[in-house]
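Nothing in this text is a laboratory measurement; each read-out follows from the coordinates by a stated rule. Keep in mind that this is a model prediction, so the values were computed, not measured. Cβ: placed from backbone, ideal geometry, glycine included. Neighbour counts: every protein chain shown.
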Amino acid sequence: MEIVILAVVIAVVVFGALGGLIVGSRRRKPLPPPPPKAPDITAPPAEPHVGDEAETPRDEPRRTIEEVDLPGGPAVVVEEPPTGPAVEVPELEIPEPTAGRLVRLRARLSRSQNALGKGLLTLLSREHLDDETWEEIEDTLLTADVGVQPTQELVEGLRERVKVLGTRTPEELRGLLREELLKLVGTDVDRTVKTEPEDRKPGIVMVVGVNGTGKTTTTGKLARVLVADGRTVVLGAADTFRAAAADQLQTWGERVGAYTVRGPEAGDPASVAFDAVKEGKEMGVDVVLIDTAGRLHTKTGLMDELGKVKRVVEKHAPLDEVLLVLDATTGQNGLVQARVFAEVVDITGIVLTKLDGTAKGGIVVAVQRELGVPVKLIGLGEGADDLAPFEPEAFVDALIGD
């Protein structure tokens, strides 16, 4: 009996447990659906290169820029770049011939110098040439910077000849004045710029002077004179102190095909001068022109340096010419400058610039008398071919007029 009761209890417990499991399973949330099928993995997009779009490159035909239709306007034409840098070659100029250049420029000279000639002729034409008139003639000559000693010589010569002739027609007076002026200026002096030494090549010319006289410009114009006469030229830019002096000289040279030797700014001018002569020898040119730095004649150190330039150049060969550039408008001050330069570098010739802008043409006589060297070139303007070889007859004719 006890066994039967125990079996019944066990059965009741079993059925109760089963019923609880069934009820609990009904209260649970439904399970999530099964995971989908694994996606296909693709490679990451390629990094764009220069000029590409930021997407995966695709193999498709590409069109050139010539094939693309642009909206409006002519089609773009792509030109091939040049193989090398474009160098602009300056067009060479043909300088004006030097023969008779001063005669051609006579009108320009006479416009500024006629005051001297006309003043003298007016005084000489007076009915009575007393002492007061002769003093006025002296004053006129001194004002024109002829100088004291040359003025006295001219007046004495005129007084004697007028007294002997007696009659004084305008033609006779002009002839007398012309003859006396030619005596002062000098017609038997060699005024050739020495550029053709007999035993060597090239000829060496050094150009010196104070600041503001037009020295570098004169050097460039002298190169044109020489090229016009059929010479080949090398320019030495030994003015290393003035800003753009070398550029200015090189521009003058390029116009006529002359090569320019230059150094660093504020460099040693003697070194540049030495290299210029060396280069001229190697190139076989006819003439080397050396432009030196402008300097005040009162600056002893700078004048000593100018002497150094001369000594260094002469290690190659002796200088054939040392040309001193003077401003004709400076008058007697120019004579002081000339005296000091002559002591340092042995001046062989004078270049008078700005002679067209002054009525003081007598400086030609004074500077020659002061230095004992001739005026060889005169500047009559700012034009490229306004530097002329000095011709005494043409100069005197311009002074006294027609």
Please turn the phi angles of the stretch 220-234 into ³J(HN,Hα) values with the Karplus equation 6.51 cos²θ - 1.76 cosθ + 1.60 (θ = phi - 60°), one per residue in order, whole Hz, x for glycine and proline.
x, 5, 5, 4, 5, 4, 5, 5, 4, 8, x, 9, 9, 9, 10
Virtual spin-label span in nm between residue 118 and residue 229, 7 Å along Cα→Cβ:
3.5 nm
Residues in the stretch 236-255 near a label at residue 283, defined as backbone nitrogen under 13 Å from the 7 Å Cα→Cβ point?
236-237, 250-255
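Based on the mean of other Cβ atoms within 10 Å per residue, sort peptides 265-277, 124-136 so the most packed one is first. If you can, show how the numbers build up before the last one.
Numbers: 265-277: 19.2, 124-136: 12.1.
Sorting 265-277, 124-136 by mean packing, highest first, produces 265-277, 124-136.
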Added length on full extension, which subtracts the Cα-Cα distance from 0.36 nm per residue, residue 194 to residue 156:
10.1 nm
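If I stretch the segment between residue 172 and residue 136 completely, what's the gain in nm (0.36 nm per residue apart, minus their alpha carbon distance), one decimal?
Numbers: separation 36, 0.36 × 36 = 12.96 nm, distance 2.01 nm.
Length gained between residue 172 and residue 136: 11.0 nm.
Using only the Cα atoms of the stretch 110-234, build the gyration tensor, take square roots of its eigenvalues as a ≥ b ≥ c, and label the shape rounded, prolate or oblate: rounded if a/c is under 1.5, else prolate if a/b is larger than b/c, else oblate. Before the final figure, lay out the partial values.
On the way: a/c = 3.04, a/b = 2.44, b/c = 1.25.
The shape class here is prolate.
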Per the C-alpha gyration tensor (a ≥ b ≥ c, the square roots of its eigenvalues), the stretch 203-338 is rounded if a/c is under 1.5, else prolate if a/b beats b/c, else oblate; here it's prolate
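Any of 163/354; 281/354; 163/376; 194/315; 221/310; 118/163 with alpha carbons more than 27 Å apart? Name them for me. Don't skip to the answer; put the middle values down first.
Working: 163/354 37 Å; 281/354 34 Å; 163/376 35 Å; 194/315 19 Å; 221/310 22 Å; 118/163 21 Å.
Over 27 Å Cα-Cα: 163/354; 281/354; 163/376.
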Extension gain (nm, one decimal) between residue 104 and residue 211, 0.36 nm per residue minus Cα-Cα
35.6 nm
Need one number: nm distance between label points at residue 126 and residue 244, each 7 Å from Cα along Cα→Cβ, rounded to one decimal.
5.2 nm
Between residue 182 and residue 268, with labels modelled 7 Å along Cα→Cβ, what's the label distance in nm to one decimal, could you check?
5.2 nm
